[in-house]
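The values are calculated or read from the model by the stated rules, or taken from the named source; none is laboratory data. What you see is a predicted model; the values in this text were computed from it and never measured. Here Cβ is always computed from backbone atoms with ideal geometry, including for glycine, and neighbour counts include all displayed protein chains.
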Amino acid sequence: MPVPAPASRAATAYRRLLGALAGGVLLAAALPRPLAGQQAPPPSGRTDSTVVDTTKAAPAPGASPRGAFLRAVALPGWGHASIGAYNRGAFYVAVEGMTGWALVKARGRYAEAGRRIAFREHVVRAQLAVQGVTDPADVQKGLDDDEPLQDLIALQDSRRQQREDWTALGIFLLLLSGADAYVSAHLEHFPQPISIDAQPVGNGRMEVSVSFTLPR
């Protein structure tokens, strides 16, 4: 058998090396790649700076029931806004705002009636003085007999009642807003609302069940 020349042996070895490299590349390309979720976690005690924390922070809890009550009493709508009940807060802002505006108007009308009474009193006293009436009892009788003055006094009494009514309504709405915010803050911690189920059980009867989840 003829012995191959050294150059021929080198060429053969070089071709084998290229074939082995090509086969390794094809094998690596054919292997399946691991999914991102299947990658092994980093060893314990080591931190990988390339790992991104995608967990979302839990929403901050609303105000406590007592805090919601105090906020609602201090400023209309604040207590409800602190627990995320913006629609209810807007309702109380509108209602208490209108009540406050009506109270301011009632106080202004009451003060105006008082000024008119004082002016009419001054006119009547001046007229009695011109007539020579100076006795306090006669002056008071003259004031009591003056119809315009008595009408103004009755008007002032009516406007005083209106002012007291609007004041009572404002206090009631203020406390109602606080109580509503207090209860809403308590119900905020219920994970599920109260549910009522009704099912027929035969013979014209109906079975009603009420279910709710207690807060943790």
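Among the residues of segment 148-158, is there at least one that is under 21 Å from Leu75 (Cβ atoms), under 41 Å from the mean Cα position of the chain (by Cα) and free of Cβ contacts under 8 Å to residues at least 12 places away in the same chain? Walk me through how you get there before you give the answer.
Looking only at segment 148-158, we keep the residues that are under 21 Å from Leu75 (Cβ atoms), and these are none.
No: segment 148-158 contains no residue that is under 21 Å from Leu75 (Cβ atoms), under 41 Å from the mean Cα position of the chain (by Cα) and free of Cβ contacts under 8 Å to residues at least 12 places away in the same chain.
Out of Ile171, Ile196, which single residue is at pLDDT below 90 and either in a strand (DSSP E or B) or of a type in the set (A, V, I, L, M, F, W, C) (or both)? It would help to see each step written out before you state the result.
Details: Ile171 fails: at pLDDT below 90.
Being at pLDDT below 90 and either in a strand (DSSP E or B) or of a type in the set (A, V, I, L, M, F, W, C) (or both) holds for just one of Ile171, Ile196, which is Ile196.
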Picked from segment 66-88 (must be in a helix (DSSP H, G or I) and without any contact (Cβ under 8 Å) to a residue 40 or more places away in the chain), the residue surrounded by the fewest Cβ atoms within 10 Å (Cβ to Cβ) is Asn87
Just name the residue that is surrounded by the fewest Cβ atoms within 10 Å (Cβ to Cβ) out of those in segment 151-191 that are of a type in the set (Gly, Ala, Ser) and in contact with a helix residue (DSSP H, G or I) (Cβ under 8 Å, 6 or more places away or on another chain).
Ala179
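Quick check on my filter: what residues within segment 132-147 are among the β-branched types (Val, Ile, Thr) and either touching a residue at least 60 places away in the same chain (Cβ under 8 Å) or part of a helix (DSSP H, G or I) (or both)?
Filtering segment 132-147 for residues among the β-branched types (Val, Ile, Thr) gives 133-134, 139.
Hit for segment 132-147 is Val139, nothing else.
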If we ask which residues in segment 157-184 are among the polar types (S, T, N, Q) and either touching a Gly at 6+ places or on another chain (Cβ under 6 Å) or closer than 27 Å to Ser82 by Cβ (or both), their number turns out to be 3
I'd like to check something: does segment 99-110 contain any residue that is buried (at least 16 other Cβ atoms within 10 Å of the Cβ), among the polar types (S, T, N, Q) and in contact with a Leu (Cβ under 9 Å, 6 or more places away or on another chain)?
yes
Residue among Tyr110, Tyr92 that alone is in contact (Cβ under 8 Å) with a residue 24 or more places away in the chain and within 16 Å of Gln162 (Cα to Cα)
Tyr110
Which numbered condition trips up Val133, out of (1) at pLDDT 90 or above; (2) in contact with a helix residue (DSSP H, G or I) (Cβ under 7 Å, 6 or more places away or on another chain)?
(1)
